[in-house]
């Protein structure tokens with residue numbers, strides 16, 4: 001973990017570019033408690049002149065394709081080659097042996113298969129919300145057998161949630177004025193193609209969770225600081241020329257909400273839930289797109305492109 005952070009700092013030292021450590025998290029039990037040291041190292045790097053930032057989301061589980069838990073060689077040659085390997089008993093035995101020796105790829109400190117929960121499974125939607133351990137027990141097979149069978153049946157498309165992050169580290173990161181807020185999410189809704197499965201609740205809840213839980217309930221940081229970490233701070237990190245602040249002549253991208261009624265409702269069991277806030281209004285490029293928590297149908301957003309000077313606008 002610390003080695004990875006030092007690698008990012010080395011890049012920032014060596015090149016005249018901005019470096020962003022995206023969704024910073026101390027994943028795996030042997031990395032728990034390292035958040036403060038990581039933030040200290042990033043602060044020192046900034047004082048030395050490095051252009052480096054980090055962002056994080058406030059949840060103890062991460063999300064990943066299920067296939068990414070396997071040794072890297074399993075995916076060599078693409079999806080069809082992977083599925084062919086997974087069907088072979090000798091390949092399953094090799095996978096089991098390597099995981100026993102080295103842990104799950106990228107997630108070597110997962111405590112058990114109970115911590116790996118199916119999130120999105122296009123061909124096996126009935127399994128969403130269940131753990132690999134529970135699915136294996138139901139069939140009376142080993143978790144490795146379940147994993148391989150599941151990937152084959154789902155054409156390799158399964159995504160999972162993995163509980164591997166300490167809440168104490170999350171609090172440390174949220175408390176830092178320099179750690180920005182980012183959901184690591186993508187386009188979702190509670191209907192249609194983008195409403196399938198059980199995605200990570202961070203897609204719906206990251207920003208209201210920081211405001212409602214860590215500002216409102218835990219009093220970890222002031223509201224103004226939390227908002228800046230989501231707006232002006234993030235815009236500066238991305239080099240957005242005229243966004244992120246309420247400033248004359250800048251783009252009118254504004255979220256109006258009641259701090260006393262703005263918190264997350266999305267959970268791992270029910271992720272497709274919008275935050276509270278009946279009076280919430282959102283303005284994009286000066287056009288109201290959400291009024292009283294309802295979408296107006298307006299689509300004033302546009303693609304932003306980075307210029308030769310590195311700024312975006």
For this session: Could I have the simple spin-label model distance between residue 91 and residue 112, label points 7 Å from Cα toward Cβ, reported in nm to one decimal?
Result: 3.0
For this session: Please determine, in degrees from 0 to 90 and to the nearest 10, the orientation of helix 35-47 with respect to the longest principal axis defined by the Cα atoms of the chain, where the helix direction is its Cα long axis.
Result: 50
Problem set entry | residue 152-residue 260 pseudo-label distance in nm [points 7 Å out on the Cα-to-Cβ vector] | 5.9
Exercise. Anyone know which of 246, 161, 83 comes out most mobile in the 10 Å Cα GNM of the chain?
Worked result: 246
Exercise. Quick one: Cα centre-to-centre distance for the range 148-221 and the range 22-42, in angstrom?
Worked result: 17
For this session: Set the Förster radius R0 to 25 Å, insert the Cβ-Cβ distance between residue 250 and residue 178 as r into 1/(1 + (r/R0)^6), and round the FRET efficiency to 0.05.
Result: 0.65
Seminar exercise, completed: Compactness summary of the range 70-190: radius of gyration and Dmax from Cα atoms, Å, are 16.5, 51
For this session: Mind checking the full-extension length gain between residue 126 and residue 193? Use 0.36 nm per residue of separation minus the Cα-Cα distance, one decimal, nm.
Result: 22.5 nm
For this session: Starting from the Cα of residue 47, step 7 Å along the direction of its Cβ; do the same at residue 273; then give the gap between the two resulting points in nm.
Result: 4.4
For this session: With a Förster radius of 51 Å, plug the Cβ-Cβ distance of residue 225 and residue 79 into 1/(1 + (r/R0)^6) and report the FRET value to the nearest 0.05.
Result: 0.70
Exercise. Over all distinct Cα pairs, what is the inverse of the mean 1/r for the chain, reported as the Kirkwood hydrodynamic radius in Å?
Worked result: 21.5
Seminar exercise, completed: Sorted on mean Cβ neighbours within 10 Å (highest first), peptides 301-307, 96-102 come out as 96-102, 301-307
Seminar exercise, completed: Computed, not fitted: 222 nm per-residue ellipticity of the chain from DSSP H runs ≥ 4 (each -39500 (n - 2.57)), nearest 500, equal to -9000 deg cm²/dmol
Exercise. Which of 76, 287, 256 moves most in a GNM of the chain, Cα contacts under 10 Å?
Worked result: 76
Exercise. For residue 101 and residue 167, FRET efficiency with R0 = 35 Å and r from the beta-carbon atoms, rounded to 0.05?
Worked result: 0.70
For this session: Take 17, 211 and order them by how many other Cβ atoms sit within 10 Å, fewest up front.
Result: 17, 211
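Since every read-out is calculated from the coordinates, none of them should be taken as a lab result. Because the structure is predicted, anything quoted here is derived from the model rather than measured. Cβ coordinates were reconstructed from backbone atoms using ideal geometry, including for glycine residues, and neighbour counts include every protein chain displayed.
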